[in-house]
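S.K.: Can you keep this structure in mind? I'll have questions shortly.
The values are calculated or read from the model by the stated rules, or taken from the named source; none is laboratory data. Keep in mind it's a predicted model, so treat the numbers as computed, not measured. Here the Cβ is made from the backbone with ideal geometry for all residues, glycine too, and neighbour counts use every protein chain on show.
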Amino acid sequence: MKRVIAAVLLGILTVVALVLFLNFRGEDEIHDAPPLTPPAGESVARGAYLVRAGNCMACHTERGGVPFAGGRAIETPFGTAYASNITPDRQTGIGDWSASQFWRALHNGRSRDGRLLYPAFPYANYTLVTRADADAMFDYLRSVSPVARANTPHRLRWPYSTQAALAVWRAMYFSPAQYRDDAAQTAEWNRGAYLVRGLGHCGACHTTRNALGANSDMLDLSGGVIPMQSWYAPSLASPGEAGLHDWETAQVVRLLQSGVADRGTVLGPMAEVVLHSTQHMAPADLRAMAVYLKALPRTTAGAADAPVAGVRMAERGAKLYEQHCAQCHGDEGEGVRGAYPPLAGNRAVTLPEAANLVQVVLGGGFPPATTGNPRPFGMPPFATLLSDDDVAAVVSHIRGAWGNKAGAVSEFAVSQQRGGIGR
C-alpha cells in the first residue's frame, strides 16, 4: 500500500514539475528597471504604428472610455475577462514596468508580478513579435497620457479562474516562439506572414478553437465561430469561404484599407479591425499581408448536409424578400455596384455556417467608415420587425435562390443567435 501511495505521489510531483517547466521555458531573468527617461521620438512613432497594427486599443479601451485605460469586457465561454490598463500610470497601469517585463507579457504571457495571463490576451500570437517591435510598442505606450483606473477583476468560473488550471492549459497548448523567415519565400511574403501570424493575430478569430478555448492550429486559418459573438470568421484558406487566392493583390489591399472591394465588404467584428487597425497600416504592409494570404495552401471547406427549405417556407421567404430586401439588393439578388452587395453568387451568403447572414438580418450590416470609404452604405436591423420564423424563411430563400445552393436555416437556429446581438 505504501508503495502505491509513493508511486501516486511521485506521479503527481512529476506532473507538477513538468507543468512548471513548461510554463517557465523560454523565459530569461529580468534585471532592467523601469525607464526613467522619456522615450525617443522615432521609437514612439514606430511603436504607435505597431500598436495600431496589433489593434491593441480595440480591446484595451472600454466603450466610451479613455484609450488604453482598460475595462472592456471580453466574454468567453469560461466567464468574463476584463482588459487591463496599459497607460503609464504608476499605480494602476504599466508606469512601473520595465521593457523586459512588457516583452515577457507579449512573448511569454506573464505579467509584471509573475501572474500567468489569460489567453483572452492573444499572447499565443504575440509571442512571435520581435523584441525590437515590443520595445517600440512599450515606448509608445509610455508616451500616452497616464490614466488612474484600477483594473476590473475578471469574472471567470472555477476552476478556470485559478492560476493552477491556467498553468495546465498553457503546458498543453502554449509554447513561446520566434518568427523565423522562410528562406524559400520572398521578403514580402515573410513580412506578411509575420504580420498575419503574429502582431495581426488573425488566427485568434479565423482558426477553430477546441472545448478548452485553444486554437487547433494557429497557422491554418481554416475558420471558426468566434466565441460568444455568434459570428463566424470564415476560412482564409478555402476559395468557397474567404480564400483570396484568385483575388488581385490590389483588391485585397483595398479591402483591408477601406473595408470595401469589388468582390467583398467587411462587416461585423472584421469591420472593427479595419476601422481601428488595418486602414491605418502602410500600403506596403497591407500588400505583404495580401501576398501571404493569397499564397495560403488551398483547402476545401467541409460543408455539412443542410436541409432544403420546404414549399411553404420558400414561398414565405420569397415574399419577405420582395417586401424588405429587393429594393436595395434587386429582384434577382444582383445588388447595386458600389452600394449594396449582390446576394446571387455571393460566397458570404452561401457559407456552410449561416451565422453571419442571420446576424446581419437581425442586427444590421455596417461597413466601417474609413478614409477610402467615408460614407459607407449600411443595412438597417430587422430584429424588431421580423420574427425568428420570418428571418429563417428569408435567409433560407436568399441561400437557395438565383443559383445559390446553400442549405435552409431553421427557426431554432435563428432564436439561438438572436441573443448574440450587440455583443
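S.K.: Pick from the range 250-274 the residues that are more than 22 Å from residue 57 (Cβ to Cβ) and not β-branched (Val, Ile, Thr): which of them is surrounded by the fewest Cβ atoms within 10 Å (Cβ to Cβ)? Reasoning before the result, please.
M.R.: Of the range 250-274, the ones more than 22 Å from residue 57 (Cβ to Cβ) are 250-254, 260-265.
Now restrict to residues that are not β-branched (Val, Ile, Thr): 250-251, 254, 261-264.
Values: 250: 14, 251: 15, 254: 21, 261: 19, 262: 12, 263: 17, 264: 19.
Once the filter is applied, the top-ranked residue is 262.
S.K.: Under the condition of being touching a residue at least 24 places away in the same chain (Cβ under 8 Å) and of a type in the set (S, T, N, Q), which residue from the range 144-184 is farthest from residue 134 (Cα to Cα)? Steps first, please.
M.R.: Filtering the range 144-184 down to residues touching a residue at least 24 places away in the same chain (Cβ under 8 Å) leaves 144-157, 160-161, 163, 166-179.
If we keep only those that are of a type in the set (S, T, N, Q) too, we end up with 145, 151-152, 161, 163, 175, 178.
On the way: 145: 19, 151: 22, 152: 25, 161: 28, 163: 25, 175: 18, 178: 13 Å.
Out of the qualifying residues, it is 161.
S.K.: If you don't mind, there's one more thing I want to ask. Among the residues of the range 57-67, write down those that are within 27 Å of residue 288 (Cα to Cα) and touching a helix residue (DSSP H, G or I) at 6+ places or on another chain (Cβ under 8 Å).
M.R.: Narrowing the range 57-67 to residues within 27 Å of residue 288 (Cα to Cα): 57-60.
If the condition is that a residue be within 27 Å of residue 288 (Cα to Cα) and touching a helix residue (DSSP H, G or I) at 6+ places or on another chain (Cβ under 8 Å), then 57, 58 are the ones that fit.
S.K.: Among the residues of the range 284-334 satisfying the criterion of being of a type in the set (D, E, K, R) and within 12 Å of residue 393 (Cα to Cα), which is modelled with the highest pLDDT? Working first, answer last.
M.R.: Of all residues in the range 284-334, those of a type in the set (D, E, K, R) come to 285, 287, 294, 298, 305, 312, 315-316, 319, 322, 331-332, 334.
The next check asks that each one be within 12 Å of residue 393 (Cα to Cα); those that pass are 312, 315-316, 319.
On the way: 312: 76, 315: 88, 316: 91, 319: 95.
It comes out as 319.
S.K.: Any residue at all in the range 411-418 that's assigned to a helix (DSSP H, G or I), charged (D, E, K, R), touching a residue at least 40 places away in the same chain (Cβ under 8 Å) and buried (at least 19 other Cβ atoms within 10 Å of the Cβ)? First the steps, then the outcome.
M.R.: First, the residues of the range 411-418 that are assigned to a helix (DSSP H, G or I): 411-418.
Next cut, charged (D, E, K, R) only: 411, 418.
From what is left, the residues that are touching a residue at least 40 places away in the same chain (Cβ under 8 Å) are 418.
Keeping just the survivors that are buried (at least 19 other Cβ atoms within 10 Å of the Cβ) gives none.
No, the range 411-418 contains no residue that is assigned to a helix (DSSP H, G or I), charged (D, E, K, R), touching a residue at least 40 places away in the same chain (Cβ under 8 Å) and buried (at least 19 other Cβ atoms within 10 Å of the Cβ).
S.K.: Of all residues in the range 246-260, which are farther than 11 Å from residue 290 by Cβ and not in a helix (DSSP H, G or I)?
M.R.: Of all residues in the range 246-260, those farther than 11 Å from residue 290 by Cβ come to 246, 258-260.
Listed by number, the residues that qualify are 246, 259, 260.
S.K.: Could I ask something else about it? Among the residues that make up the range 409-418, is at least one of them more than 30 Å from residue 74 (Cβ to Cβ) and among the basic types (Lys, Arg)?
M.R.: Let us first name the residues in the range 409-418 that are more than 30 Å from residue 74 (Cβ to Cβ), namely 411.
Within this subset, residues satisfying the condition of being among the basic types (Lys, Arg) are none.
No, the range 409-418 contains no residue that is more than 30 Å from residue 74 (Cβ to Cβ) and among the basic types (Lys, Arg).
S.K.: Still on this structure, please answer the following. In this structure, does residue 64 turn out to be without any contact (Cβ under 8 Å) to a residue 12 or more places away in the chain and either more than 23 Å from the chain's Cα centre (by Cα) or closer than 27 Å to residue 272 by Cα (or both)?
M.R.: Details: without any contact (Cβ under 8 Å) to a residue 12 or more places away in the chain: yes; either more than 23 Å from the chain's Cα centre (by Cα) or closer than 27 Å to residue 272 by Cα (or both): yes.
Answer is yes for this residue.
S.K.: Which ones in the range 135-148 are aliphatic (A, V, I, L, M) and surrounded by 22 or more Cβ atoms within 10 Å (Cβ to Cβ)? Step through it out loud before you land on a result.
M.R.: As a first pass, look at the range 135-148 and keep what is aliphatic (A, V, I, L, M): 136-137, 141, 144, 147-148.
136, 137, 141 - these are the residues of the range 135-148 that are aliphatic (A, V, I, L, M) and surrounded by 22 or more Cβ atoms within 10 Å (Cβ to Cβ).
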